[in-house]
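Data first, discussion second: the structure below is written as structure tokens.
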């Protein structure tokens, strides 16, 4: 097929849960795309605020372009399950993922599609703007993907270079464009991760098997806010627990599916050891802090 005439549908998959303050801005950013061959799937993960009515309103205004979906009985099933609904129901050759509180810049789809064609890769990933100024809470900062920019990577290099095994910043899903068929070939998102690390369960499979292009460009904005999944997970103190769960899941996945790369196995084992050590240190700190609180009433006389 002539690459100049190939204009596939790009499916933008947006899962949402109680984001009535932000969802219209996310939808508007898709409507503003210079690349016109898109569809937007709005997957309702059990919202109880005004988000549902807003999503249904736009689906009615843009029939065939904006599609509203929900789980049976309006259940909340988590981000992994909701994104899989979007994958299965989408019609596009290509997919990207936009959280309902984030936005795409108008040239995002066109730019990443151009790179995907130019370099004949399965996935393109770009930098992300961490968007703090939306409520005057700080300065915005662009975080590039943590490896050499503007080049392609064959398997398994990105597994070694990037988080969660390497030290380089991983891509955000709002900065990714990937062939839908590749996502489905590796089983999509693992639904046992409802809100953290569900993105890594598909990214690591793609790093293991597909060639990926890393771009220095930035055409997406990741809203920084206290109620987001990432901030909530860190604030609740269960980050290390979820991280270890993912690493053990990945260890099992490699043993069952491969391919086997010794340097990946070694990096994974080192990371598991490091996280287990950090968890022990955290538990020790929690226990000591609890003891101090209990003893404090009995040690006032020492002051």
With respect to residue 148, is the statement that it is touching a strand residue (DSSP E or B) at 6+ places or on another chain (Cβ under 8 Å), at pLDDT 95 or above and surrounded by fewer than 17 Cβ atoms within 10 Å (Cβ to Cβ) true? yes
Could you go through the stretch 116-139 and let me know if any residue there is touching a residue at least 60 places away in the same chain (Cβ under 8 Å), within 18 Å of residue 44 (Cα to Cα) and assigned to a strand (DSSP E or B). no
Only one of these is over 17 Å from residue 75 (Cβ atoms), outside any helix (DSSP H, G or I) and modelled with pLDDT under 95: 5, 11. Name it. 5
Residue 88 being assigned to a loop (DSSP other than H, G, I, E, B) and surrounded by fewer than 14 Cβ atoms within 10 Å (Cβ to Cβ): no
Any hit, the stretch 16-23, residues being over 25 Å from residue 80 (Cβ atoms) and surrounded by fewer than 17 Cβ atoms within 10 Å (Cβ to Cβ): no
Does residue 167 fit the bill of being buried (at least 19 other Cβ atoms within 10 Å of the Cβ) and in contact (Cβ under 8 Å) with a residue 12 or more places away in the chain? no
Any chance residue 114 is out of contact with any helix residue (DSSP H, G or I) (no Cβ under 8 Å at 6 or more places or on another chain) and crowded, with 20+ Cβ neighbours inside 10 Å: no
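The values are calculated or read from the model by the stated rules, or taken from the named source; none is laboratory data. It should be emphasised that the depicted structure is a prediction, and the values quoted were computed from it without experimental measurement. Every residue, glycine among them, receives a Cβ derived from its backbone with ideal geometry; neighbour counts consider all protein chains shown.
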